[in-house]
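Okay, structure first, notes after.
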Amino acid sequence: MGINFHDPKNSRTYTDREAGSEWKRYMRKILAGRSVTNAVDVGCGGGIYSKALAELGAHTVTGIDSSEASLSGARADRGGDERLRFVYGEAQNTGLEDGQADLVVIRAVIHHLPELARAFAEASRILRAGGIVAVQDRTPEDCLIPGSETHIRGWIFTCFPCLAEVEKKRRWHSEKVTGHLKAAGFTSVTSAHLWETRREYDGKEALLDDLAKRKGRSLLHELNNRELRELITYMDGRLEEGRPIIEKDRWTMWTGVKKEAD
């Protein structure tokens, strides 16, 4: 079935939460005190990470997305922050000018792309020399870590192994991403793992409500309504009553620097 990112009903699917503190610390680390005049958030969705980039000190942040529904949600959730703008574009064709960005973030996007060369070439084009690209996504290994009260995704795959097969087919292996970044001309390419807090819940009822709404989980759109109810029942039996839940996911983070002109 899959999620329809263009359906207005899904405009708020990727809003209403904040970037994890672990993510902010990681970004500070890779920026190493550099000033960011212009940042670009490719595949910004509801603008969660666009807002986080502004909080980290970026003077302006341009969120790019190919879904007008998602952009509508991002604009509504902007809170009047004039540093943020959200415009239509694609990872392979942002529509932005050459060399305008100090930082390009491509988060949770590449698993939707059939190939990486054009997206990484586009990131290089819009970066100034010496600018940084930060790519964040899950590899198959990240996704298939066993489930626990903090790693809810693993339990989803225990309940529905068929979804694990979907994940393995759509996720890029780390060495492929690294190779494509280098082929696009990026230097100092590195990769690292990051456990990022996805959301904190007061109790399991709030988590189960998120699951019922398929909130922020495109993979759940692969399930029909009956299967989704089955998943919720399974999770209800796994989770304890009256305990807060701090849900985390493991990601792989790749970074590279656009080389200076010869």
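Read the figures in this text as sums done on the coordinates, not as results from a lab. Worth saying up front: this structure is predicted, and the values here are computed from it rather than measured. Note: ideal-geometry Cβ built from the backbone for every residue, glycine included; neighbour counts use all protein chains shown.
Annotations for the structure displayed:
- Packing-based exposure ordering (other Cβ within 10 Å, fewest first) of Ser174, Ser67, Ser148: Ser148, Ser174, Ser67
- With 30 Å as the limit, the listed pairs Lys51/Lys248; Lys51/Lys258; Lys51/Lys204; Lys215/Lys258; Lys29/Lys169; Lys168/Lys213 have Lys215/Lys258; Lys29/Lys169 beyond it between alpha carbons.
- Think of it as helices only: each DSSP H run of n ≥ 4 in the chain is worth -39500 (n - 2.57), and spread over all residues that comes to -10000 deg cm²/dmol at 222 nm.
- For the chain, share of DSSP beta bridges that run antiparallel, in % to the nearest 5: 50
- In the chain, a dipole from Cβ-located charges (positive for Lys and Arg, negative for Asp and Glu) runs towards its positive end, and of Trp155, Gly237, Ala119 it is Ala119 whose Cα lies farthest in that direction.
- Pairs of alpha carbons in region 8-258 whose separation is greater than 29 Å (percent): 28
- A Förster radius of 22 Å, combined with the Cβ-Cβ distance separating Glu22 from Asp236, puts the computed FRET efficiency at roughly 0.20.
- Listed by chain and number, the aspartates and glutamates whose C-alpha is less than 16 Å from the C-alpha of Lys182, apart from same-chain residues fewer than 8 away, are Glu115, Glu122, Glu260.
- When you count the other C-beta atoms within 10 angstrom of each residue and take the mean per peptide, 214-226, 234-246, 45-57 line up highest first as 45-57, 214-226, 234-246.
- Projecting label points 7 angstrom from Cα along Cα→Cβ for Glu260 and Leu144 puts them 4.4 nm apart.
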